[in-house]
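Have a look at this one before I ask anything.
The values are calculated or read from the model by the stated rules, or taken from the named source; none is laboratory data. From a predicted model like this one, the values you see are computed outputs, not experimental measurements. All Cβ positions, even for glycine, are placed from backbone atoms using ideal geometry, and neighbour counts span all protein chains on display. SASA here: full protein model, heavy atoms, side chains in, ligands and nucleic acids out. Shrake-Rupley method; radii C 1.70, N 1.55, O 1.52, S 1.80 Å.
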Amino acid sequence: MAGSLIKNNIFGALILILAVLLILSGIYAEWLWFDSLDYLSVFKTVLFSKIALGVAVFLVFFIFLLLNFVILKRRANIVHQKIYFVIMFIVSLLAGFISSASWFVVLRFLNYVNFGFVDPIFKNDIGFYTFVLPFYRFALNMLLFLLIAIIAMTAVAYLLTIKTKKAPKADIKEGIPKGGMPFGFEQPFQQIKIEVSKKGRAHLAFLAGLLLITFAIFFYLKRYSILLSPGGAVFGAGYTDVIITLPLYTILAVLALITSFIAFAYIYNQNTKLIIGSVALILVVSFGGNIVAGIVQSLYVQPNEFNLEEPYIKQNIKHTLFAYGLTNVHTRDFPVTYDLTIDDINKNRATMDNVRLWDWRPLLTTNKQIQLFRTYYEFLDVDVDRYKLDGKLRQLMISPRELDQNQLASKAKTWVNEKLVYTHGYGAVVSPVNKVSNEGLPELFVKDIPPKTEYEELKITQPRIYFGEQSTDFIVVNTKANEFDYPLGSENVFTSYNGRDGVQLSNILKKAIFSVKLGSVNLFVSSAVTRDSKVLLKRDIVERAAALAPFLQYDNDPYVVINDGKLFWIIDAYTTSDKFPYSENIVGVNYIRNAVKVVVDAYNGNINFYVIDGKDPLIQNYAKIFPELFKDFEDMPNGLKEHIRYPEDLMRVQMRIYGTYHMKDPQVFYNREDVWRTPNEIYSSTETELRPYYIVLKLPDAEKEGFFLITPLIPRGKENMVAWFVAHSDPEEYGKLEVFRLSKQELTYGPMQIEARIDQDTEISQLLTLWDQQGSEVVRGNLLVIPIEHSFLYIEPVYLKASASGALPQLKRVIVAYEDKVAMQETLEEALEVIFKGKVEKVKEKEDGKLPETLSEKFEEASRLYEEAEEALIQGDFTTYAEKIEELGRILEQD
């Protein structure tokens, strides 16, 4: 028996030691990863905050439980003291563990920042509700947990040491059932009374008093919850909340406090009924108060809702606009004149030359067909951006070529291939938004493997993508295995990772730790993994950012940027809250700012958090907590600054709010007289929401073109356009929002009305119907509403693709609508010429055949041509090789 007990104890100790080692190894692995990114201070802040908070709460719990035990020991004969101590320790440990998860609540409280915006009911700065009140609630919850634990343990201890008394004979007779005792219970029956000692009852009453004080605090803090009430005419405190609910919580807090004093007085009056009656009164008042609130809302407020709720509606409008960054939207009138001429079109060449004719969906399909080259490559998305090429602003579409290990052949899906060999994507495909080849395919400014381009600004000298959207698992680099780089004809080129990222597996301990962390025995036993090998973790760029800053929310559409020959990812990050008083709550938040631009090096894995909205109180708070994590936007390289974009996701959220909250007059708002919404369009053959789109545009009265995100707006229940909303994306005025209102007395066509006119055009509909026969499919692309001067052009591309898999969507036609005219031609220029009865000026493209003039230019061009000729020869492309040699000859023959 003793031997079995010893074995069980040893086994239990081994399990405990193993669990501790696993926890410590996980912490050490995270320590090494954060250190590899030079963000060890962030990990230390989080780790030590959790430990400090957990230990502090553990000590507080254990000390109070111990004090209660000392008092309990004097009042009762505790038999199982060791068990009591074990329970005390477990409860304290559990409390410490639970509380450690609230480390960020405590740090936000300790680094309080003012919003400079005050709520109208309690006159508190919004920072109180964002940073202070959550901490109070956390402390209250822990106090409630502590008191419940103390009361439960105390009550059990007294129950285990109760005295029993025999009831008087008269009481015994009353306790005997009619007909006598049942068979087997003929022995004299005695009724037992359970009685806790007088000191024990006083002890429990005192603890109950402390618990009631806690409930009094709870009711007092509950008063602030009316600011987030969804029950009135608008989100936030309404008439009933202020007149009924707020006093109700105050009364309940006072009653709970008075009841606590009654409980404390129990030691003198021993009146249990008074305590029970007081608690019952609290419950009755609470239940009755809620009934009264419902009656007042239904019978008094709703019949006279606007007059009673008007001041609260004003506050809701004011707070909601501020919370969603819509307070300073610049409103302008946009009188539509419809007097465009061909001269106006030619005058706005920068806009017309950047009209996006390629929708990202057919372009993505086309890129996959003509630029993947191998099945294990993948284009996950196509992103819109702008670049200065040859001194001109060009809107381009970029798709990074990532590696998808899931596409490897089944027999090739070995651990070595997936973790050591196939490690990275390669390069990107770049095409202008408006260029089409004779075959109806996109022209490519950057193409092939290795990447080729005629534009210096688009040259990619480091095309390897180790970190991206498709990189979901760990890899090991610098091993004995040949690391695949890219395919070259029928052969493969291999490489070795020279980036700075990764944790070096320099000893057997690190190999063991990461093998356990990653659940990979092969990592530990593989002979290909050496002391120089490094493990690359968290290669998914959003996962990587979230590991460093989990308190931010990240955009769904990271995009890649070419800068200085390297590939970088830019992720928009948001600070959000759901605790902003009086602000309408959508998608789980009621405050949002695009405060941070996250930049990730696709090769090195370096990650930087640039604060673009330094006025945001939330990011100010976070920067105080993590001073080494955030950098000023001015520190971002200029080449990357030129590629920041206003986020599409943010505009969609803001439009859901602004569509209603642009009505600042309370009466108009209450009646919902002028609600706006984003329109629909026809994509392919299905009606779908028209999403905001990027455009190169010259705004009215502006001196030059800029890069904007815009969306048209239509009234609820109608299809005509009433406004268009624009967000500035260029660094100089980034985040500036403007809305251009159209006349309500004149009709301006909305997107679906234009779609209907296209359907009604007999020539267009007949041709589309003819194309859309069995074996082929017509795809109608995004309808773009483009403001030009004081008019609108509506442009929609039309694609044709075969129904068979692997078909290439071809851009076959472009539809242009203006005023009452609709034209469909093979090119945008031809359609414009039909509409405006004139000649569109042709853009002078880059002259690829122009010979270099200076000696340095000749040398640079000759070197480039020679390298490209050699590469073509290696790939067996003799036609390209001959062309390059001929061009090289022309350079060398120059005087």
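Hey, can you tell me all the residues within region 719-758 that are without any contact (Cβ under 8 Å) to a residue 12 or more places away in the chain and assigned to a loop (DSSP other than H, G, I, E, B)?
Within region 719-758, just GLN745 meets the criteria.
I'd like the full set of residues that are within 24 Å of ALA547 (Cα to Cα), open to solvent by 10 Å² or more (accessible area, probe 1.4 Å) and charged (D, E, K, R), limited to region 606-630.
Hits for region 606-630 are ASP613, LYS624, GLU628.
What is the number of the single condition among (1) open to solvent by 10 Å² or more (accessible area, probe 1.4 Å); (2) outside any helix (DSSP H, G or I); (3) touching a Pro at 6+ places or on another chain (Cβ under 7 Å) that LYS664 does not meet?
For LYS664, the exception is condition (3).
Kindly establish whether SER776 is surrounded by fewer than 19 Cβ atoms within 10 Å (Cβ to Cβ), free of Cβ contacts under 8 Å to residues at least 24 places away in the same chain and over 21 Å from THR351 (Cβ atoms).
Here the answer is no, as SER776 does not meet what is asked.
Give all pairs with beta carbons closer than 9 Å in which a residue from region 560-572 that is without any contact (Cβ under 8 Å) to a residue 40 or more places away in the chain meets a residue that is aliphatic (A, V, I, L, M); count only pairs at least 6 apart in sequence or on separate chains.
Sorted first by the residue in region 560-572, then by its partner, the pairs are ILE571/ILE541; ILE571/VAL542; ILE571/ALA545; ILE571/VAL596; ILE571/VAL598; ILE571/VAL599; ILE571/VAL600.
Quick one: in region 466-504, of everything that is of a type in the set (D, E, K, R) and closer than 19 Å to ALA29 by Cβ, which residue is least open to solvent (accessible area, probe 1.4 Å)?
Residue satisfying both the conditions and the ranking: ASP501.
Please give the number of the condition SER533 fails out of (1) open to solvent by 10 Å² or more (accessible area, probe 1.4 Å); (2) within 17 Å of VAL503 (Cβ to Cβ); (3) of a type outside the set (A, V, I, L, M, F, W, C).
Of the numbered conditions (1) open to solvent by 10 Å² or more (accessible area, probe 1.4 Å); (2) within 17 Å of VAL503 (Cβ to Cβ); (3) of a type outside the set (A, V, I, L, M, F, W, C), the odd one out for SER533 is (1).
For residues that are out of contact with any Asp or Glu (no Cβ under 9 Å at 6 or more places or on another chain) and surrounded by fewer than 14 Cβ atoms within 10 Å (Cβ to Cβ), tally how many sit in region 751-771.
So the answer is 7.
Within region 39-74, take every residue that is buried (at least 19 other Cβ atoms within 10 Å of the Cβ) and touching a His at 6+ places or on another chain (Cβ under 9 Å) and give me the one that is farthest from LYS198 (Cα to Cα).
ASN68
Is there a residue in region 307-325 that is farther than 24 Å from ARG656 by Cα and touching a residue at least 40 places away in the same chain (Cβ under 8 Å)?
Yes, region 307-325 has at least one match.
Hey, another quick one. Looking at (1) charged (D, E, K, R); (2) in contact (Cβ under 8 Å) with a residue 24 or more places away in the chain; (3) open to solvent by 30 Å² or more (accessible area, probe 1.4 Å), which one does ARG386 not meet, given that it meets all the others?
Every listed condition holds for ARG386 apart from (3).
A quick yes/no check of all residues on (1) modelled with pLDDT of 95 or more; (2) open to solvent by 30 Å² or more (accessible area, probe 1.4 Å):
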| residue | (1), (2) |
| --- | --- |
| LEU321 | yes, no |
| ASN328 | no, yes |
| PRO335 | no, yes |
| LEU340 | no, no |
| ILE345 | no, no |
| ASN348 | no, no |
| ASN354 | no, no |
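Please enumerate the residues belonging to region 631-649 that are open to solvent by 10 Å² or more (accessible area, probe 1.4 Å), touching a strand residue (DSSP E or B) at 6+ places or on another chain (Cβ under 8 Å) and either aliphatic (A, V, I, L, M) or assigned to a helix (DSSP H, G or I) (or both).
Matches in region 631-649: PHE633, ASP635, GLY639, GLU648, ASP649.
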